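Below is one structure; the comments refer to it alone.
Values quoted throughout were computed directly from the atomic coordinates according to the rules given, and no laboratory measurement underlies them. These numbers come from a predicted model, not from an experiment. Here the Cβ is made from the backbone with ideal geometry for all residues, glycine too, and neighbour counts use every protein chain on show.
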C-alpha cells in the first residue's frame, strides 16, 4: 500500500516537473538584433557658420556659431539564435531559432546645434556643441522565417526603419601643432525618441521608442585652408534602439575608419 502511494506521488511530481519544464523551455521570446562590425566605416560633413556679431574679442570666452552636421555609417553582422528565441520587427513574419541570421544596417544622422569654439593658449582648443538631432536606422535581417498570417515557413528578409528625433551633445578637444595639422578627439552623445516604427512590409507600431548613441572619433586633421579641415581617424559607435515590447530591439556596435570634412564660415 505504502509502495503504491509512493509511486503515485512520484508520477505526480514527474508530471509537474515536465509541465514546468515545458512552460520554461517551450515559450519563445524576442531577442535583440545585435550587429557587431569592426569594418563599419563612416563619412561625415560639418558646416559651421560664425556670424561676425557672435564673435568675441576673447578667444577664451569663445566664438559662437551654428553647426550643421551629417554622418553615414553602415555595417554587417551575423547572429546565432538559440531554440525558443526569435527576431521580429513587424506583425507578420518571425525569424525563429535555432539558426544563424545575417544583418545589414545603415545609420544616418543629421543635426543642427549651437557651437562654441574656445582657445586656451596657441595650441589647445575646446569645441562643445548642443542641439537637435534626427537619426534614421535601417536594418535588414535574412533567415528562415515563419509567416504568421498563413502558418508557412521559408527563406525571407525582414527589415525595420526607425527614425528618432532628440538631442545631441558633443565636444571636441583639439591640439593644433601648427596652422596645417592637428589631432582631435570628437565625443558625441545622443538621445532620441519616436512614436512610430515602420517594418519593410508596411506594419506600423505606435509604441514609444527610444534610442541612445555614444560615439568617440580620434582623428588627425589637415587644414588645406583657413576655412576647411579634412580629417581621417578611427570611429567607435555604440547605438541602441528600443522598439515595441513584443518586438526585437536593435543593438549596434560599429567601429572602423572615419573620413570627414568641416567647412567654417
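Things worth noting here:
- In terms of packing, defined here as the mean over residues of other Cβ atoms within 10 angstrom, the peptides 250-261, 213-224 line up highest first as 250-261, 213-224.
- Each label was represented as a point 7 Å from its Cα along the Cα-to-Cβ direction; for residue 36 and residue 84 these points are 2.4 nm apart.
- Segment 225-265 shape via C-alpha gyration tensor axes, a/c threshold 1.5: oblate
- A straight chain from residue 216 to residue 191 at 0.36 nm per residue would run longer than the Cα-Cα distance by 7.5 nm.
- Between the beta carbons of residue 106 and residue 147, assuming R0 = 45 Å, the FRET efficiency works out to 0.95 to the nearest 0.05.
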